[in-house]
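Below: the structure, in structure tokens.
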Amino acid sequence: MIQLSNGSYRNHCPYCLYSLHVDNKPGDRENSCKGLMKPIGVKNTSKKGVQIVHECMNCGIQKVNKIAEYDTQPDDLDAIIRLM
């Protein structure tokens, strides 16, 4: 995980946007799947803002993660746009 300037953490690569399926609950690292989470889309909600939709290439579960846009190392905007 990469620490962001606001003190929270991002669980995906800021360049390719891929992640790993390692959590049952955010940060617990207790999931045994350990599959690669492929970014498959973008979701926008009024409460959480823009989120990346990931799908595990091992078990197929889908999860969403907030993007890091206002940070010293923001997520790649071009990669996010390609998901739309």
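Considering only region 3-20, state which residues are modelled with pLDDT under 80 and open to solvent by less than 80 Å² (accessible area, probe 1.4 Å). Outline the logic, then answer.
If we filter region 3-20 for residues that are modelled with pLDDT under 80, which is where we start, we get 3-11.
Leu4, Gly7, Ser8, Arg10, Asn11, listed by residue number.
Which residue is most open to solvent (accessible area, probe 1.4 Å), if the candidates are limited to region 26-74 and must be among the β-branched types (Val, Ile, Thr) and within 18 Å of Pro14 (Cβ to Cβ)?
Filtering region 26-74 for residues among the β-branched types (Val, Ile, Thr) gives 40, 42, 45, 50, 52-53, 61, 64, 67, 72.
This time we only want the ones that are within 18 Å of Pro14 (Cβ to Cβ), so: 40, 42, 50, 52-53, 64, 67, 72.
Details: Ile40: 72, Val42: 46, Val50: 40, Ile52: 0, Val53: 25, Val64: 61, Ile67: 28, Thr72: 128 Å².
The selected residue is Thr72.
Here are the criteria: (1) closer than 25 Å to Asp78 by Cα; (2) part of a loop (DSSP other than H, G, I, E, B); (3) open to solvent by less than 50 Å² (accessible area, probe 1.4 Å). Tell me which single one Asp23 does not satisfy.
Asp23 satisfies all of (1) closer than 25 Å to Asp78 by Cα; (2) part of a loop (DSSP other than H, G, I, E, B); (3) open to solvent by less than 50 Å² (accessible area, probe 1.4 Å) except (1).
The values are calculated or read from the model by the stated rules, or taken from the named source; none is laboratory data. Predicted model only: the values in this text are computed from it and were never measured. Don't worry about glycine lacking a Cβ; one is built from the backbone with ideal geometry, like all the others, and counts go over all protein chains shown. Surface areas here come from the heavy atoms of the whole protein model, side chains and all, with no ligands, DNA or RNA. Shrake-Rupley method; radii C 1.70, N 1.55, O 1.52, S 1.80 Å.
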